[in-house]
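Q: Can you read through this structure? Questions will come right after.
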Amino acid sequence: MPLRTDISLDNPHVGGTTDVYKDNLETEVLIVGAGFGGVYLMHKLRDELGFDCKIYEAGTDLGGIWHWNCYPGARVDTQVPIYEYSIEKLWKDWTWSEKYPDWSELRRYFAYVEEKLQIKKDTAFESRVVGAQFNMETQKWDVKTQDGRTAHAKYLINAIGFAAKRHFPDWEGLDTFKGEMYHSSFWPESGVSTKGKKVAVIGTGSTGIQIAQESAKDAESVTVFQRTPNLCLPMRQRKLTKEEQDRDKENYRELYKYRMTTFAGFGYDFADRNTFDDSPEEREAFFESLWEEGGFKFWLATYKDNLFDRAANDEAYKFWNKKTRERITDPRKRDLMAPTKAPHPWGTKRPSLEQNFYEAIDRPENDVVDIKNNPVKKVTEKGIVTSDGQEREFDIIALATGFDSVTGGMKNMGLLDINGVDLRERWADGTYSHVGMACADFPNMFFLYGAQGPTAFSNGPSCVECQGDWIIDALAKLRKENISYLNATRDAEKAWNRKVTELSDKTLFPIADSWYMGANIPGKTREQLNFAGGIPMYEKECRDVLDNNFKGFQTQAPAAKA
């Protein structure tokens, strides 16, 4: 196959050389994905350790989820500087405009990262991986792209993130709607005007909350179709000045060290006491202080038994319920969005950070539809019909229906084990990995920010750096000790699966039908998809594997079959 001629190297979104796009590309390390994880790995492996590395990226720019997300209100729910790289040359001269940056500012951040690290020169964009298998004869990965190219790499690292496969509702007539319909991750770059239009928002995850409250600013009406209420927390967004950030940077090195000692990789951690250690008055005051500070503090800086003890959890829900219900004047909407009885233990589904969501939907022109008790029957040319027979007409339908999270992306890549079995089949009845970064019979393959890691229970950059550093150290150790083959064992996979399950079962997480448990996708195995022990425990487990000569891995390739 000739070199690609349809890639313009003058295009600001494409920075790789034509050599990166050639067929039969040879490289030492092939990274799939150019988000936080892929960029971090490229910089550390290429620039600091001298590995020959290339990236295949399906999109047209760096940024991962922030390359794809541009829907109304899209912004990160972790405050800066926690939500950024700990690499000094990337934070030293960078200034944010607000505490929780939106998608456009995060894109500017990745442009700045590119300016400093020069990642694009070794990145092939518009290169979606559709097949990969380790070749036992050549001891390399053969990786195929959608447009027919092949790459050969000693190591394959999947850095595609946990939200790489979009989920669409299986509704009759979805393709008959004559208005505008967009999935949140396919939102037009140029934007969609909601001014004076009737907008339907399907879903109440963080994306649905953001689209609804942003669209409500100028839409004629916004109708949220809710299966389960999102138990949102106040964001407490504010502008940041350069002066305060410059002052705070004196403490950044210690802050980044500290975040790796916390359960979720944030700048704060659970209180070292239980809910009922405090009197009711003390508890109320503590909850109030967390609530006023905003963000995830009411979730991740609260009492340490909140996600373990149902009675303790009920206390948190009662406080949340009181604070939220007083913001909603419509009795019907109040009972739907903030029911007096908890729909699930508080915090066992990821809360969204909102700015004025409840006040916006409380307005008379806006509405919330309970599709748990009144499901969607079909979509028509004009709108949406629910089971009670009512047709609601819309100009725009926003599908905030989420993703086949954590496992869906890797199951959709055509990854075959050494016996030719697709990972989709291997994980059909349950997810198995070793330390959430490797799979049996997928030699020399690693992944991060995916299945059975701290992933959804952590700050993204913290998780990426924790797992990325382990992968980097593993490759350095393999090179130093002249080990060319690393394959996780089935026994190690089973042991890790048990550990993930046992940790989860001690918590309240299994009670909720959440995407943490794979429950958002019909037919998907219900299981804990994330490591619920926190980043410090996770890092200790992973380091034990390296310190004990790749415990749980086979380091000698089997003899070739006669």
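The values are calculated or read from the model by the stated rules, or taken from the named source; none is laboratory data. A quick note: this is a predicted structure, and the numbers were derived from the prediction, not measured. Reconstructed Cβ throughout: ideal geometry from the backbone, glycine too, with neighbour counts over all protein chains shown.
Q: Test of understanding: among R350, R334, R426, which residue is modelled with pLDDT of 95 or more and either surrounded by 16 or more Cβ atoms within 10 Å (Cβ to Cβ) or touching a Pro at 6+ places or on another chain (Cβ under 6 Å) (or both)?
A: Going through R350, R334, R426 in turn, the sole match is R334.
Q: Hey, another quick one. Answer yes if at least one residue in the range 116-132 is under 30 Å from P558 (Cβ atoms), more than 26 Å from the chain's Cα centre (by Cα) and modelled with pLDDT of 95 or more, and no otherwise.
A: No, the conditions are met nowhere in the range 116-132.
Q: I want to confirm something. Restricting to the range 186-217 and keeping residues that are small (G, A, S) and in a loop (DSSP other than H, G, I, E, B), which single residue is farthest from P101 (Cα to Cα)?
A: G196
Q: So the check is Cβ under 6 Å with 6+ separation or different chains; which pairs have a first residue in the range 200-227 that's on the phi < 0 side of the Ramachandran plot and a second one that's modelled with pLDDT under 95 and of a type in the set (F, W, Y)?
A: Pairs found: I211/Y71.
Q: Is it the case that the range 45-66 has a residue that's more than 30 Å from K140 (Cα to Cα) and either modelled with pLDDT under 95 or in contact with a helix residue (DSSP H, G or I) (Cβ under 6 Å, 6 or more places away or on another chain) (or both)? Before the answer, list the steps.
A: As a first pass, look at the range 45-66 and keep what is more than 30 Å from K140 (Cα to Cα): 66.
Okay, now just the ones that are also either modelled with pLDDT under 95 or in contact with a helix residue (DSSP H, G or I) (Cβ under 6 Å, 6 or more places away or on another chain) (or both), so 66.
Yes: the range 45-66 contains one or more residues that are more than 30 Å from K140 (Cα to Cα) and either modelled with pLDDT under 95 or in contact with a helix residue (DSSP H, G or I) (Cβ under 6 Å, 6 or more places away or on another chain) (or both).
Q: Scan F263, F308, F298 and give me the residue that is of a type outside the set (S, T, Y), at pLDDT 95 or above and within 30 Å of F225 (Cβ to Cβ).
A: F298
Q: Here is a list of conditions, (1) crowded, with 18+ Cβ neighbours inside 10 Å; (2) assigned to a loop (DSSP other than H, G, I, E, B), and G50 meets all of them except one; can you say which number that is?
A: With respect to (1) crowded, with 18+ Cβ neighbours inside 10 Å; (2) assigned to a loop (DSSP other than H, G, I, E, B), G50 is out only on (1).
Q: Is it true that some residue in the range 447-461 is of a type in the set (F, W, Y), out of contact with any Pro (no Cβ under 8 Å at 6 or more places or on another chain), closer than 18 Å to N487 by Cβ and surrounded by fewer than 24 Cβ atoms within 10 Å (Cβ to Cβ)?
A: no
Q: Cβ contacts < 8 Å: first residue touching a residue at least 24 places away in the same chain (Cβ under 8 Å), restricted to the range 166-187; second residue loosely packed, with under 14 Cβ neighbours inside 10 Å and in a loop (DSSP other than H, G, I, E, B), any location; separation 6+ or different chain. Result?
A: Close Cβ pairs (under 8 Å, with a partner that is loosely packed, with under 14 Cβ neighbours inside 10 Å and in a loop (DSSP other than H, G, I, E, B)) amount to D170/P522; L174/F168; T176/E381; F177/E381; K178/E381; Y182/P188; H183/F168.
Q: If M537 passes every condition in (1) under 19 Å from G430 (Cα atoms); (2) modelled with pLDDT of 95 or more but one, which one does it miss?
A: (1)
Q: For the range 499-520, enumerate the residues that are more than 22 Å from M445 (Cβ to Cβ) and not in a loop (DSSP other than H, G, I, E, B).
A: Once the filter is applied, which keeps residues that are more than 22 Å from M445 (Cβ to Cβ) and not in a loop (DSSP other than H, G, I, E, B), the range 499-520 yields T501, E502, L503, S504, D505, F509, P510, I511, W515, Y516, M517.
Q: Still on this model: Got a number for residues in the range 218-239 being in a loop (DSSP other than H, G, I, E, B), modelled with pLDDT of 95 or more and not hydrophobic (A, V, I, L, M, F, W, C)? Write out each step before concluding.
A: We begin by selecting, within the range 218-239, every residue in a loop (DSSP other than H, G, I, E, B); these are 218-220, 227-232, 235-238.
Within this subset, residues satisfying the condition of being modelled with pLDDT of 95 or more are 218-220, 229-232, 235-238.
Going one step further and asking which of them are not hydrophobic (A, V, I, L, M, F, W, C), we end up with 218, 220, 229-230, 236-238.
Counting residues in the range 218-239 that are in a loop (DSSP other than H, G, I, E, B), modelled with pLDDT of 95 or more and not hydrophobic (A, V, I, L, M, F, W, C) gives 7.
Listed here are the residues, each with its yes/no results for (1) under 25 Å from the mean Cα position of the chain (by Cα); (2) of a type in the set (A, V, I, L, M); (3) part of a helix (DSSP H, G or I).
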site: C466; (1), (2), (3): yes, no, yes
site: Y485; (1), (2), (3): no, no, no
site: K494; (1), (2), (3): yes, no, yes
site: N530; (1), (2), (3): yes, no, no
site: Y538; (1), (2), (3): yes, no, yes
site: C542; (1), (2), (3): yes, no, yes
site: F550; (1), (2), (3): no, no, no
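Q: Give me the helices (runs of 4 or more DSSP H) completely within the range 308-421, filtered to those with at least 1 residues that are within 22 Å of S514 (Cα to Cα) and among the basic types (K, R), ordered by residue number.
A: 310-325
Q: Is the range 151-174 home to any residue that is among the polar types (S, T, N, Q) and either closer than 20 Å to R392 by Cβ or surrounded by fewer than 21 Cβ atoms within 10 Å (Cβ to Cβ) (or both)?
A: Among the residues of the range 151-174, not one is among the polar types (S, T, N, Q) and either closer than 20 Å to R392 by Cβ or surrounded by fewer than 21 Cβ atoms within 10 Å (Cβ to Cβ) (or both), which makes the answer no.
Q: Quick one: in the range 240-289, which of the residues that are assigned to a loop (DSSP other than H, G, I, E, B), in contact with a Ser or Thr (Cβ under 9 Å, 6 or more places away or on another chain) and small (G, A, S) is surrounded by the most Cβ atoms within 10 Å (Cβ to Cβ)? Lay out the reasoning, then the answer.
A: Taking the range 240-289 as the starting set, the residues that turn out to be assigned to a loop (DSSP other than H, G, I, E, B) are 240-241, 260-270, 272-274, 278-279.
In the following step, the residues that additionally are in contact with a Ser or Thr (Cβ under 9 Å, 6 or more places away or on another chain) were identified as 240-241, 260, 262-266, 268-270.
Retained after the next criterion (residues that are small (G, A, S)): 264-265.
Values: A264: 23, G265: 30.
Of everything passing the filter in the range 240-289, G265 is surrounded by the most Cβ atoms within 10 Å (Cβ to Cβ).
Q: Can you say whether Y538 is crowded, with 22+ Cβ neighbours inside 10 Å, hydroxyl-bearing (S, T, Y) and not assigned by TED's automatic domain parsing to the domain that holds K304, as far as the supplied structure shows?
A: Criteria met by Y538.
Q: Among the listed residues R350, R283, identify the single one that is out of contact with any Leu (no Cβ under 9 Å at 6 or more places or on another chain), more than 23 Å from N459 (Cα to Cα) and not β-branched (V, I, T).
A: R283
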